[in-house]
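Since every read-out is calculated from the coordinates, none of them should be taken as a lab result. Since the structure is predicted, the reported quantities are computational estimates derived from the model, not experimental observations. Counting neighbours? That spans all protein chains shown, and the Cβs are built from the backbone with ideal geometry, glycine included.
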Amino acid sequence: MKKILLSLAFIMIFGGGNFYNAGFAEEEKVPVLEAAVKIEWVNMLQFQREERVEKYRQELFGENGGVNYNKKEFRATYIPWLKDDDYKSHYRLISNGVKESKDFNMAGFFRKFGGEDILYSYALQPKEDMRHVYYYSAIGRLAYVDVISDNYPNFPYYSKQYRANGKLAGSIYFESKDLQYTYGANGKFKGLWYKDKMYDIKGKEILTRTNW
C-alpha cells in the first residue's frame, strides 16, 4: 500500500510553482536522449496514442469535462480534514523520515533552504480510508484532496485531485503500476508516466522523476 501511495503522490503534480511541483519526488526537465527502454507508447502509431488518450479521457471526464464542487459543500464534506490538529507531530515525524504511523501512511515534500532540506508540506493517507489522500501545508492547513476510485488498489483505477475550494486540479488513470495517464482539470492530456519517465502525445520523453 505504501508503494501505491508514493506512486500516486509522484504523479499528481500538474501546475507550476505550487504543491503540484513538489510531489513525493521532484520532477524536473531533462535533456531528451535516445530512449534506452522501448515501451509500447513510443512504438505506437500516432492515431493509436490519440485513441488511447481519448478513451481514458472519456472514462475520467465523460462528455461534460471535469466536475467542480461548490466550495461550501466541499469543505463541509471534509470538515474533519480541513486542519491537521496533530501537524506538529506529523511535521516532526516526516522531517525525520518516518513514512507510517498507526493511523496513516505519510510522505513529505521538501525544498532546499540554506543548503538544507526543509519540509514545506506533507500528505496523509488514512489507513481506515485508503481511497483518500490529504495534502497539508507545513502548519497543517488542507491544500488538496485525492479521491480514488472504488477498485483501488486493484488496477486499473483512477484518482481525481481537488483543491481545498472544491475545484478539480487534475486526474490520473492508473493502467498499471508502471503506466499512468495524466490529465489537467480541463481534461487536457499532460503526459504518460512510464516508471520514472513521462512522454507526450507524440511519444517524446519530456520529464523525469528522481526516485520512482
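Results, tabulated for the structure shown:
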| item | result |
| --- | --- |
| Exceeding the 32 Å Cα-Cα cut-off - candidates LYS72/LYS177; LYS112/LYS204; LYS102/LYS204; LYS72/LYS188; LYS55/LYS88; LYS55/LYS99 | LYS72/LYS177; LYS102/LYS204; LYS55/LYS88; LYS55/LYS99 |
| Gain upon complete extension [ASN70, GLU100; 0.36 nm per residue less C-alpha separation] | 7.5 nm |
| Two-site label geometry, TYR78 and PHE113: point separation in nm, points 7 Å out along Cα→Cβ | 2.3 nm |
| Shape category assigned to segment 161-207 from the gyration tensor of Cα positions, a/c cut at 1.5 | prolate |
| Förster-model FRET efficiency, 25 Å R0, ARG131 and GLU59, C-beta, rounded to 0.05 | 0.90 |
| Span from the segment 42-105 Cα centroid across to the segment 143-205 one, whole angstrom | 8 Å |
